[in-house]
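Notes to accompany the following structure.
The values are calculated or read from the model by the stated rules, or taken from the named source; none is laboratory data. The shown structure was predicted, so the numbers you read here are calculated from the model rather than taken from an experiment. A quick note on method: Cβ atoms are made from the backbone with ideal geometry, for glycine too, and the neighbour counts reach across all protein chains shown. Ligands, DNA and RNA are excluded from the accessible area calculation, which covers all protein heavy atoms including side chains. Shrake-Rupley method; radii C 1.70, N 1.55, O 1.52, S 1.80 Å.
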Amino acid sequence: MDFLRTPESRFDRLPNYPFQANYVQLGNLRMHYVDEGPKDGKVILMMHGEPSWSYLYRFMIPICAAAGHRVIAPDLIGFGKSDKPTKMEDYSYQQHMQWMQSFIDELNLKDITLVCQDWGSLLGLRLAAENASRFSAIAIGNGMLPTGEESKIPKAFKIWQNFARYSPWFPIARIVESGCFKKLSKDERKAYDAPFPNKKFKAGARAFPRLVPTTPDNPATMANKAAWKVLEKWDKPFLTLFSNGDPITRGLDKKIRERVPGCQGQPHQTLKGGHFLQEDAGFEMAQAVNELVARL
């Protein structure tokens, strides 16, 4: 598997991202992760989605670490400071699952509170269901675990799939900004573009949309259905923190609350923001996660 490694100089002086780099070796590939807060604190695993990286959680990480928690925010393979296979065919849902499984195994993470959004949810919810004894709680924002059997796919998502696959222009920072209520600064846009010096680095970002199960014959359908069987019996705390301005996932929080027993009695919130609610409501989201961990 051929891969590229983004030069460290691309990440110099990023605004509000002072975190030390940590790496774990997964076969030939190196995965980067942020590891902040006391090493004996309760683990909060923050999983980003498409096409962002751990920079998305820069406002939340210090708030949760200051509360005494160990905050771990990995960059998925193909994103951030992690290595980037160069072919779209190198990326599959199952391959991403294997990378993340190796990651939590290598760090021996336990008593985890999962915080996930977008593809962080597709991977994180599967990870929690397949390693239920390692996870103590889940907080999800603007995400879901689709099986391909859902009755309706949002038009906005179909447009996004086609854009990612066929557009010769794939401006990462502008894509992120289009999913926010706020306007990103010049330096913030630079930070989101930093992992991708040129189009050769973007195979993973382009691959993700087409990997989402949208038909019952998707390779991930059976595994996701098996994960739902676990989640439908999940009685540990499960908190929904969706935003009010995401055209793709709007309303899915209600469906989650209807299916997951652990949602009962939780102080679910609808935060003000777009798809990337960590940008628009990072403080509120971090406070809600801290309160969730405090209730455990």
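Extension gain, ALA226 to ARG30, is 67.6 nm, computed as 0.36 nm per intervening residue step minus the present C-alpha separation. Under a 5 Å amide H cut-off, with hydrogens placed 1.01 Å from N, ILE138 pairs with LEU114, PHE238, LEU239 among residues at least 5 apart or on other chains.
Charging the Cβ of each Asp and Glu at -1 and of each Lys and Arg at +1, and nothing else, the dipole of segment 223-295 about its Cα centre rounds to 420 debye. In the chain, the DSSP beta bridges split such that about 35 percent are antiparallel, to the nearest 5.
Phi angles of segment 215-229 translate, via the Karplus equation with coefficients 6.51, -1.76, 1.60 and θ = phi - 60°, into HN-Hα couplings of 9, x, 8, 4, x, 8, 4, 5, 5, 5, 5, 5, 5, 5, 4 Hz per residue; Gly and Pro are given as x.
Taking all protein chains together, ARG10, ARG126, ARG250, ARG189 sort by accessible area into ARG250, ARG10, ARG189, ARG126, largest first [probe 1.4 Å]. Computed from the alpha carbon atoms alone, the convex hull of the chain holds 117 Å³ per residue.
Each label was represented as a point 7 Å from its Cα along the Cα-to-Cβ direction; for ASP40 and ALA156 these points are 4.5 nm apart. Distance between the 7 Å Cα→Cβ label points at ARG259 and LEU296: 2.4 nm. Within the accessible area of the chain, the carbon and sulfur atoms contribute 50%, probe 1.4 Å, all protein chains present. The simple Förster model, with R0 at 22 Å and r as the Cβ-Cβ distance, assigns SER133 and GLN98 a FRET efficiency of 0.70.
A simple rule links phi to the HN-Hα coupling: the Karplus curve 6.51 cos²θ - 1.76 cosθ + 1.60 with θ = phi - 60°, which for segment 82-95 gives 6, 5, 10, x, 8, 10, 4, 5, 6, 9, 9, 4, 5, 5 Hz, with x for Gly and Pro. Close amide H contacts of ARG70 (hydrogens built in the peptide plane, cut-off under 5 Å, sequence separation of 5 or more or a different chain): GLY41, LYS42, VAL43, ILE44. Note on segment 134-197: dipole from Cβ charges, positive end direction compared against SER136, TYR192, PHE181; the farthest Cα belongs to PHE181.
For a straight C-alpha distance cut-off of 24 angstrom, the lysines reachable from LYS255 (same-chain residues fewer than eight places away being disregarded) are LYS152, LYS155, LYS158, LYS225, LYS229, LYS233, LYS236, LYS272.
Distances between placed amide hydrogens fall under 5 Å for PHE242 paired with ASN142, GLN269, LEU271, all partners being 5 or more residues away or on another chain.
In the context of the full set of protein chains, the chain has a per residue accessible area of 43 Å² (1.4 Å probe). For segment 138-188, the list of trypsin sites (Lys or Arg not before Pro) that fall in a loop by DSSP and count at most 16 other C-beta atoms within 10 angstrom reads LYS152, LYS182, LYS183. Normalising the Debye intensity of segment 202-256 to I(0), with uniform scatterers on Cα atoms only, and taking log10 at q = 0.22 Å⁻¹ returns -1.12.
Here the 3J(HN,Hα) profile of segment 267-279, calculated from phi with Karplus coefficients 6.51, -1.76 and 1.60 at θ = phi - 60°, is x, 4, 10, 10, 8, 7, x, x, 4, 8, 5, 4, 6 Hz, Gly and Pro shown as x. Positive-end ranking of PRO171, ILE63, ALA294 along the dipole of the chain, with charges on Cβ about the Cα centre, is headed by PRO171.
Compute the Cα gyration tensor for segment 123-197, then decide on rounded, prolate or oblate, letting a ≥ b ≥ c be the square roots of its eigenvalues: rounded whenever a/c is under 1.5, prolate when a/b is larger than b/c in the other cases, and oblate in all that remain. Oblate, because a/c is 1.5 or more while a/b does not exceed b/c. According to the square roots a ≥ b ≥ c of the eigenvalues of the Cα gyration tensor, what is the shape class of segment 225-296, taking rounded for a/c under 1.5, prolate for a/b larger than b/c otherwise, and oblate for the remainder? Here segment 225-296 falls in the oblate category. Label positions at LYS236 and THR270, each projected 7 Å from the Cα along the C-beta direction, are separated by 2.9 nm. Placing unit charges on the Cβ atoms only, positive for Lys and Arg and negative for Asp and Glu, gives the chain a dipole magnitude near 580 debye about its Cα centre.
Centre-to-centre, using Cα atoms only, segment 173-222 and segment 83-151 are separated by 16 Å. Using +1 at the Cβ of each Lys and Arg and -1 at the Cβ of each Asp and Glu in the chain, identify which of GLY273, HIS48, TRP160 lies farthest towards the dipole's positive end. So the residue we want is TRP160.
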